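Chemist: The structure under discussion is supplied below as structure tokens; questions concerning it will follow.
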Amino acid sequence: MNAQQQNIDVRLGFFPNDVHVFDPLEKYTPTPFTPKPYQPTKNVVDQHDFPRFGLTNNIAALVSGLSGRSDTATSYIVGIFGGAMLILAIALVWGMVIIGLQIAGQKKVGFMAGRLEHPDFADASSSNKGGGTLAPIEEEPEDNESLLESEASSSAFIMSNDIEVTQEQTEKEKKFMRNVLIARVVFVLSGLGVIIASIIFYTKGVASFHKSLTNAHGGLDLVQQIAYKTINMTDSAIYEKNALLGTLKTTKEDTGGKLCDGGTGPYAQEIQNGLAEFASEVGELSSMIDDNIGAFGNDLRELVTITEDVSDKLYSTEIFFGIAVAITVLINLLILAMLGQTYFSAKGVSNCCTKFITNAILWPVFSFFLVLAWIFATLFLVTSLAGSDFCVKPDVVVEGILRKHQDKFSSAIFQFIIYYISGCKIKPANSDVEAIADQIELAVGTVHDVSEAMMGMSIPTLQGECGLDKAAATALEGGAELLHNGTHLLNKGWIEVRTLLECKTFNPVYTTLVHDAICIDAVDGLTWLYSSAFAMFIFSMLMIMFRAGLYPVNHPSDKP
């Protein structure tokens, strides 16, 4: 080995045989990740199979129909509202039955007409109508003995008839009291059913739905955090690229614009070739990073804006939970008041105050909540069915929606989003990110090797190899060190960007937001909300049908 080679620190492999790498560039290695396969819950499947009267239950038809195929969208909408119409039909038929029983009257349907009237109350009412009739005047018999016999037989007949009437009245009284008990018991049990359903409405339905919103908030916040971090990484990559170019420019200026161009030593030509190669590659690299990574960052900022808007709208739904608590409390207080009125009626307490409370307060408010329960049951049923239809194949639906709005994305971020929601199956095709990665690896690898080769030479060696004076050689060595550090920073930054873009980063966020928050918590919550609201509606209708239990019994003595 000659004297010139002895002055070279043998460290890196830019030059064959002699110089070897002492600080190699880090290589990007993808992290193995297998997403958990999605399986719809039994609740989702059952509601997806809810009768649609022969119409489609494929929510993708609605998504595709919104772009012009209105027949498929109409088919889905009519089908999903069919269940709601079923609830409406039940309400209308039941309401007509109640009205029919009211019209039929007490004599035909008893307490089902809406009042508890004692049988003698109706008899007294009918006997009081008109002036009545005079008893016929019988002629006095001529024979006194016949008169005595007639009176004796008449007395026996009257006593026998009185016994039969008493037994009949006793049976009638027992039957009436059984009906009174049935009316009051069914009314009370229905009231308790409303209370239990309202409690389930809050503890199961509202709580599950609130949990889904909390998870959705968490998922959106996580998306924003990762997006901001990725934005910072992409901005850092652009900054490091500009810093690397600036260092090269400054080094060239400090060496009088030569950069070893005038060298005649054995390694001078290799250094010149490496710098020339980097110069030809750096222009394309700079353009790719500025255009593609800049657009990538802009799309991520747009994604953050969208998630912030969605998050704000979710926060605005918090008022729903306050309303739900208020409704639950009011319903329970109302039913307790009606049950209290039933107790007073059973004790025979009836006055102007109880009549005013019953007719002016309890029934109007109760009717309002009955209509509200029907509206809630309808609304939650439709929403629950739509959610279940979505959650049978949520990834397919989300992908379809995104592809309809693909024009809103200007970078490879769209392909990566599809990659995440597909469970890492649909990999980005011909991704700009991959092209940039190849270009960075090529350009950065070149300048990295050149810089390390120059760093491995002493100042005298650089002077001899590159034909520089001591000051220029010193500047070149310092510039080589800066270039070397810059290549590591740019390479490391880009590796961090690629690591952040891996499926293991965003796919769990997506599954938490869609699979867990929407397809488990939200659908379960909506199912409980619908079921409990429908139960409140059913029990409320039973209370109306057996409303006679709320009133005191009308006795003959009550008739003026």
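Chemist: Can you give the accessible area of Phe368 in Å² (nearest 10), computed on protein heavy atoms with a 1.4 Å probe?
Modeler: 120 Å²
Chemist: If amide H atoms are built 1.01 Å from N in the plane of the peptide, which residues on other chains or at least 5 residues away come under 5 Å of the amide H of Met457?
Modeler: Result for Met457 returns Asp9.
Chemist: Past the 25 Å Cα-Cα mark, which pairs from Lys36/Lys393; Lys36/Lys211; Lys313/Lys425?
Modeler: Lys313/Lys425
Chemist: Let me ask something else about it. Please report, as a whole percent, how much of the solvent-accessible surface of the stretch 450-560 comes from carbon and sulfur atoms (probe radius 1.4 Å).
Modeler: 64 percent
Chemist: For the stretch 419-508, what's the relative contact order in percent, using C-alpha pairs closer than 8 Å and at least 6 residues apart?
Modeler: Relative contact order of the stretch 419-508: 40 percent.
Chemist: If you don't mind, there's one more thing I want to ask. Just to verify a number: what accessible area does Thr511 come out at with the full protein assembly present, 1.4 Å probe, Å² rounded to tens?
Modeler: Approximately 30 Å² for this residue.
Chemist: I'd like to know which of Val396, Leu385, Leu372 lies farthest towards the positive end of the charge dipole of the stretch 345-496, counting +1 on Cβ of Lys and Arg and -1 on Cβ of Asp and Glu.
Modeler: It is Leu372, whose Cα lies furthest towards the positive end.
Chemist: Quick one: order Val109, Val194 from most to least accessible surface, probe 1.4 Å.
Modeler: Ranked list, largest accessible area first: Val109, Val194.
Chemist: Once you put a point 7 Å from the Cα of Ser316 and another 7 Å from the Cα of Val186, both along the Cβ direction, what distance in nm separates them?
Modeler: Distance between label points: 4.6 nm.
Chemist: Let me ask you something else. Any idea how far apart Thr305 and Glu399 come out in nm if each label point goes 7 Å out from Cα toward Cβ?
Modeler: So the two model labels end up 2.8 nm from each other.
Chemist: Quick one: which residues, 5 or more positions from Gly467 or on another chain, have an amide H under 5 Å from its amide H? H modelled 1.01 Å from N in the peptide plane, none for Pro or chain starts.
Modeler: When sequence neighbours closer than 5 places are left aside, the close amide H contacts are Thr264.
Chemist: Could you give each residue of the stretch 195-201 its phi-based ³J(HN,Hα) in whole Hz, using Karplus coefficients 6.51, -1.76, 1.60 with θ = phi - 60°, and x for Gly or Pro?
Modeler: 5, 4, 5, 5, 5, 5, 3
Chemist: Keeping all protein chains in position, work out how much accessible area Ser458 exposes to a 1.4 Å probe, and write it in Å² to the nearest 10.
Modeler: 40 Å²
Chemist: Which whole-Hz ³J(HN,Hα) couplings does the stretch 526-535 yield from phi under the Karplus relation 6.51 cos²θ - 1.76 cosθ + 1.60, θ = phi - 60°, glycine and proline marked x?
Modeler: 5, 5, 5, 4, 5, 4, 5, 5, 5, 5
Chemist: In Å², and per residue, what accessible area does the stretch 210-259 have when probed at 1.4 Å with the other protein chains present?
Modeler: The answer is 48 Å² per residue.
Chemist: Would you calculate the separation in nanometres between label points at Asp235 and Asn332, each defined as 7 Å from the Cα along the Cα-to-beta-carbon direction?
Modeler: 5.0 nm
Chemist: Next up: ³J(HN,Hα) across the stretch 388-398 via Karplus (A = 6.51, B = -1.76, C = 1.60, θ = phi - 60°), whole Hz, x for Gly/Pro?
Modeler: Result, ordered by residue: 5, 4, 5, 7, 5, 9, x, 5, 5, 5, 4 Hz.
The values are calculated or read from the model by the stated rules, or taken from the named source; none is laboratory data. From a predicted model like this one, the values you see are computed outputs, not experimental measurements. Please note: Cβ atoms are built from the backbone with ideal geometry, for glycine as well, and neighbour counts cover all protein chains shown. In case anyone asks, the SASA skips ligands and DNA or RNA and just uses the protein heavy atoms, side chains included. Shrake-Rupley method; radii C 1.70, N 1.55, O 1.52, S 1.80 Å.
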